[in-house]
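Enquirer: Here it is, the structure, as structure tokens.
All of the numbers you see were taken from the coordinates with simple rules; none came from a lab. All of these numbers come straight from a predicted model, not from anything done at the bench. For neighbour counting, all protein chains shown are included, and Cβ atoms are generated from backbone atoms with ideal geometry for every residue, glycine included.
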Amino acid sequence: MNFVKLIVICLLSVLLFSNSTMSQSSYLYQADLPLVEEAGYYEIKLTPEITGNLSKELHDLRVVSEHGEEVPYILQQDQVQHTKLAFVPYEIVESVSKIKGVSHFIVHNPDKRAVDHVVLRIKNADVDKNLRISGSNDGEQWFVVKGNVFVEGFHEKGRVFIEKKVSFPLSDYEYLKFEMDDSVSAPINVLHAGFYAASVSEGSYMELPAPEVVRYDTLGKTFLDFTFAQRFLLDRIKFSVESPEKYKRKAMLYVNSGTSENDLWTPVGKFELEKGGDNTVSSQTLKGQRFRVVVENKNSPALQFSDMSFQQLEISLKAELSAGVHYSLIFGNKEAAMPDYDLKYFSEQIPAELPVLLISGVQTIEGHKEDTIASSGNDFVAFMWLAIGLVITFLGFMTYKMVVDLGNRNQG
């Protein structure tokens, strides 16, 4: 029986070892993080060299400690544009409160913006009010905008003030007067009156290493072929045109999705190069090593470029690290699934601004030189044959034991 146990233990060990070997060997690349002196959350900026070796969906990335422990992280991928709503207050040029009377306040709309509502910020008050809204261009002569507005619920649990949207017909008066009937209750405390404006800001980009550029002009077109040292994620290209002075050209961006032996140029986006324009081509994130831009010159002189900039949107991780512990990123595993960490449920508890860690370089994990990557599959086959051999040995032993026991019984 001891021999049986030994066979079973060896079999399990071989299977577990082969699985562990396959799991570790599947990651092709590693990038070491700098040591941190204080424990806490950090933002880890991913360089183009790292993201270029990830899957396009970025699912094959892990943070591991020197002890082999996987560290949860939150992935952040910047957007082309960010839209933010901000409260913009009007100037309250007059405010009069009258107990047992009609209170009012006047707001100044200096640009005469056409508005159909005002957002009031009001101190909590358990009361309902009737409002009357008037408009004026000089602050002296007033015209009705809306005769009767019933507003209820000037309070909200858990807050000391509320925001109330008061709607009315579209108006562009320079002054708006809000009159409130305070005949049955004390006046409400209006802190601000204003509106929400959307502001749009551009996302943050990282520069890609400069590619090799080959240019040729033929048949009224300019061909620009760009070849990078490795595959990269590309989000936009910016062109600086030196001459001619006036130009407006149509252009097309291509990515080479073929092999080194057979080119396959796939069109991915049209754009225009124009005097006074931003001369930028943006598209969905592309992954590739070779790109092409074709500019339609027709009968006009070919464009001369003073600069070209290749960029990808910033991608980073937020992770909690311990002081004095060596951490690494491992990546480049086509079989890996997107990790699912509990940390995503606590993202709001992580500060928006964190210390930033920069990564200096990428190394190929030992035993994974490009010409020997296939060896991991051979190793797995060898381990499987070893496991099968152990199973056959085990079954042979059990069969032999049964035959011996049966013979002993017959002799008895």
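Enquirer: Determine the gain in length on full extension of the stretch Ser300-Asp263; use 0.36 nm per residue of separation and subtract their C-alpha separation, reporting nm with one decimal. Present the calculation step by step, with values, prior to reporting the outcome.
Expert: Values: separation 37, 0.36 × 37 = 13.32 nm, distance 2.92 nm.
Contour length minus Cα-Cα distance gives 10.4 nm.
Enquirer: Under a point spin-label approximation (7 Å from Cα along Cα-to-Cβ), what is the Gln289-Gln81 distance to one decimal in nm?
Expert: If labels sit at Gln289 and Gln81, their model points lie 3.6 nm apart.
Enquirer: What list of ³J(HN,Hα) couplings, whole Hz, do you get for region 159-166 from phi and the Karplus terms 6.51, -1.76, 1.60, once you set θ to phi - 60° and write x for glycine and proline?
Expert: Karplus-based 3J(HN,Hα) across region 159-166 equals 10, 8, 9, 10, 10, 10, 8, 10 Hz.
Enquirer: For the charge dipole of region 52-200, defined by +1 on Lys and Arg C-beta atoms and -1 on Asp and Glu C-beta atoms about the Cα centroid, which residue among Ala125, Gln141, Ala114 has the Cα displaced farthest towards the positive pole?
Expert: Final value for the positive-end residue is Gln141.
Enquirer: Taking R0 as 51 Å, what's the FRET efficiency between Asn189 and Val36 from their Cβ-Cβ distance, rounded to 0.05?
Expert: 0.55
Enquirer: Moving on. Which trypsin sites (Lys or Arg not before Pro) in region 200-251 sit in a loop by DSSP (not H, G, I, E or B) and have at most 14 other Cβ atoms within 10 Å of their own Cβ?
Expert: Those that pass, being in a loop and sparsely packed, are Lys246.
Enquirer: What FRET efficiency, computed as 1/(1 + (r/R0)^6) with R0 = 56 Å and r the Cβ-Cβ distance, is obtained for Asp307 and Lys123, rounded to the nearest 0.05?
Expert: According to the calculation, E is roughly 0.50.
Enquirer: Taking Lys112 as the anchor, which aspartates and glutamates have their alpha carbon closer than 17 Å to its alpha carbon, excluding any fewer than eight residues away along the same chain?
Expert: Qualifying aspartates and glutamates at Cα under 17 Å: Glu91, Asp138, Glu140, Asp172, Glu174.
Enquirer: By per-residue mean of other Cβ atoms within 10 Å, what is the highest-first order of 295-303, 330-338?
Expert: Ranking, from highest mean packing down: 330-338, 295-303.
Enquirer: On to the next question. For the cross-link pairs Lys275/Lys298; Lys45/Lys84; Lys100/Lys165, which exceed 20 Å when the distance is taken from alpha carbon to alpha carbon?
Expert: Too far apart for the 20 Å limit: Lys45/Lys84; Lys100/Lys165.
Enquirer: Can you work out the FRET efficiency for the pair Ala114 and Lys248, with r the C-beta to C-beta distance and R0 = 35 Å, to the nearest 0.05?
Expert: 0.55
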